[in-house]
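See below for the structure under consideration.
The values are calculated or read from the model by the stated rules, or taken from the named source; none is laboratory data. Remember, predicted model here, so these are calculated numbers, not experimental data. Cβ placement follows ideal geometry from the backbone for every residue including glycine, while neighbour counts extend to all protein chains displayed. Surface areas here come from the heavy atoms of the whole protein model, side chains and all, with no ligands, DNA or RNA. Shrake-Rupley method; radii C 1.70, N 1.55, O 1.52, S 1.80 Å.
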Amino acid sequence: MAESTSGLRILLHQHQQDRVPTPISCHAERDRVLEIFRSAILKSGPPADFALETVQEAIKPQRQTVLVQDENQSLENALRTLLQEFVSSAVQSGEEIMQFGQSIDDEESTQGQIPRLLDIVLYLCEKGHVEGGMIFQLLEDLTEMSTMRDCKEVFGYIESKQDILGKQELFGRGKLVMLRTCNQLLRRLSKANDVVFCGRILMFLAHFFPLSERSAVNIKGVFNTSNETKYEKDAPKGVSIDFNFYKTFWSLQEHFCNPASSTVAPIKWHKFSANLTVVLDTFDAQPLTDDDGNANNLDEEDAAAFSIKYLTSSKLMGLELKDPSFRRHVLVQCLILFDYLKAPGKNDKDGPSESMKEEIRSCEERVKKLLELIPPKGKGFLRNIERILEREKNWVWWKRDGCPPFEKPPTEIKPGQVKKRRRILMGNKELHQLWMWADKNPNALDDPNRIKTPSIMEYWKPLAEDMDPKAGIEAEYHHKNNRVYCWKGLRFSARQDLEGFSRFNDFGIEGVIPPDLLPLEMRSKYQSKPAERSKRAKKEEAKDTTPPQEDSQFTNPAAEMDDGGIGGELEDSGVPMDADAVGASQSGAQTPEDNSKRSLAAELGQEAGQSEAEVEMDGDGETDTEAE
């Protein structure tokens, strides 16, 4: 066993000796590595076909696919030297840097040698064969060696590779180098002449760095006080303007440059408030017309790339006051200042005083009214500015909370864990319960009891119990307060008990309850008046039908009996009811014979007035017999 171990160690040692890295110290060895990469750049096809073989041939790494630290440093030095040679050759030949060489990439497109070299290095960094920060270092060197005209093309290459450069394995190694590269470009650019290029760089940084990156947040809220607006202090000769207004107007920029100083010193705030009042009064006294707005309105194509810093010469003051964009610029600055002073989350010590808040509120309303009056489309412009300032408050809160990250890690489902199904709301509580009940019971639709409807006696029983005074149920807990319960009951009564359903107009929902469910002392309350009305309606119908003379002999006694006798006694007793009701009340319950007579009279209706009269005479005869 010991011999095999020692033999293995000898083999490993020999293997390591065969893979010793070739140091790039002498000029000859460096030239060899550079020549290998020059030939690789001229190869056709994607970098994946030859990039790794090129590195293995040039460096001879200890590992097959990954370089160690010393190897990475040697390769980076060689590539930076090669990049410098390409840039020097391009400058001497007068060609653009990114177009120098025009190596053949494939059969259809051509590509310069420098972009080809960057593609090879980017592929090696993406796959982890070399250190991830190497591509960022080459891009920084390239921007430092290029003019501003060539930097635009270099930055265009960076924008095209933004998705690859933003990957986590590359972003962590090169984010600081990329931030330094972009900041150096911004320092070299002119804020007045290279506005579009500056905007491209800022947009790239906003997309490249995560939203919660604190490097560009300005958490402390430091203002750029170096951006001073210089203007004339002494009145020039031969200029017919109000120089006091000129000085008052441009002095506002001192407060806009550092808004924090206005709240710290009350004297500065009063000075700013007085100067702003003078400017607003001037804007009010000299309103702009639609012609002024159209004369100074820029075309859409020019406005996209048009940005200036206004000149402060006293000779231009009169022309600038007639410019709508100039006035909007100043008034929007006022709104930004007011929004800063009213920023949420400030302590009482840092925030403005109550008197200052009142002045801010009045000045803000006045500024907004002036913005609405400035042509063209003043109201739409003000609406957009208000929306922007409202959204800005969210960023203020986020910065004051310490810039918490917006990204949340995805929830991992453990093995065997069942993902909860999403709740489905069906509009209201009843429909949602019905939907969930059917989902838990898939055989519910096939259940034969599903279409079973309760009887009238069974359904109205809870409401009848509520109406019983002996039960002692409070009115607020009665079933009649449940609209769904009442609606269903009316549908059942319309199908099964048409007579009870007709009592709804006279007595409400309580009149629909079958009389047998009510206590004895409450039945007459919901039955007397409808019975009397039905009886009188039948009499009127019988009179209107004008029956034959021989049939009228039977109806007159009925009428006489109704006017006198037992009928009169019943009316005098204060409990009016028809003959059928009296018979039913004396016998204690309705007989099948009474029910048949009543249903027969309801079915015949107006078709046979003589039959109705006979039915009434029969009922009155029974009443007389029972009374005797």
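A few notes on this one:
- Cβ-Cβ under 7 Å pairs, at least 6 apart or on other chains, the range 384-398 side over 16 Å from E372 (Cβ atoms) and touching a residue at least 40 places away in the same chain (Cβ under 8 Å), far side part of a helix (DSSP H, G or I) and open to solvent by less than 70 Å² (accessible area, probe 1.4 Å): E392/D339
- Within the range 122-139, residues that are in contact (Cβ under 8 Å) with a residue 60 or more places away in the chain reach partners that are crowded, with 23+ Cβ neighbours inside 10 Å and assigned to a loop (DSSP other than H, G, I, E, B) with beta carbons closer than 8 Å, at six or more positions or on different chains, in the pairs L124/V130; H129/L67; V130/L67; E131/L67.
- When G318, G345 are checked against the criterion of being at pLDDT below 90 and of a type outside the set (A, V, I, L, M), G345 stands alone in meeting it.
- Among the residues of the range 159-199, just one is touching a Lys or Arg at 6+ places or on another chain (Cβ under 8 Å) and closer than 18 Å to Y123 by Cα, namely E159.
- Restricting attention to the range 282-302 and to residues that are over 30 Å from L341 (Cα atoms), assigned to a helix (DSSP H, G or I) and open to solvent by 50 Å² or more (accessible area, probe 1.4 Å), the residue that is modelled with the lowest pLDDT turns out to be E301.
- Taking helices (runs of 4 or more DSSP H) as the structural unit, those lying wholly within the range 91-181 and holding at least 3 residues that are of a type in the set (V, I, T) correspond to 113-126.
- Selected residue (only one of E232, E228, E213 is acidic (D, E), assigned to a loop (DSSP other than H, G, I, E, B) and modelled with pLDDT of 90 or more): E232
- Taken as a whole, the range 216-228 holds no residue that is open to solvent by 30 Å² or more (accessible area, probe 1.4 Å), in contact (Cβ under 8 Å) with a residue 60 or more places away in the chain and among the aromatic types (F, W, Y).
- Residue pairs meeting the criteria (Cβ under 6 Å; at least 6 apart or on separate chains; first among the hydrophobic types (A, V, I, L, M, F, W, C), in the range 313-325; second not in a helix (DSSP H, G or I)): M317/I241
- Just one residue in the set G221, G199 is out of contact with any strand residue (DSSP E or B) (no Cβ under 9 Å at 6 or more places or on another chain) and at positive phi; that residue is G221.
- Members of the range 192-213 found to be in contact with a Cys (Cβ under 7 Å, 6 or more places away or on another chain) and either farther than 22 Å from E140 by Cβ or of a type in the set (S, T, Y) (or both), listed by number: S212
- Within the option set L186, L176, being out of contact with any helix residue (DSSP H, G or I) (no Cβ under 7 Å at 6 or more places or on another chain) and surrounded by fewer than 19 Cβ atoms within 10 Å (Cβ to Cβ) holds for one residue only, L176.
- The conditions of being touching a helix residue (DSSP H, G or I) at 6+ places or on another chain (Cβ under 9 Å), within 17 Å of Q333 (Cβ to Cβ) and either open to solvent by 60 Å² or more (accessible area, probe 1.4 Å) or not polar (S, T, N, Q) (or both) are met by V279.
- Filter result for T411 (open to solvent by 90 Å² or more (accessible area, probe 1.4 Å) and assigned to a loop (DSSP other than H, G, I, E, B)): yes
- Matching helices (runs of 4 or more DSSP H) fully within the range 485-525 where at least 2 residues are within 14 Å of D468 (Cβ to Cβ) and open to solvent by 40 Å² or more (accessible area, probe 1.4 Å): 520-523
- Output for the range 9-45, where each listed residue is modelled with pLDDT of 50 or more, aliphatic (A, V, I, L, M) and open to solvent by less than 70 Å² (accessible area, probe 1.4 Å): V33, L34, I36, A40, I41
- Filtered residues of the range 242-262 (kept if touching a residue at least 24 places away in the same chain (Cβ under 8 Å), of a type outside the set (S, T, Y) and either surrounded by fewer than 17 Cβ atoms within 10 Å (Cβ to Cβ) or assigned to a helix (DSSP H, G or I) (or both)): F243, F245, F249, W250, L252, Q253, E254, H255, F256, C257, N258, A260
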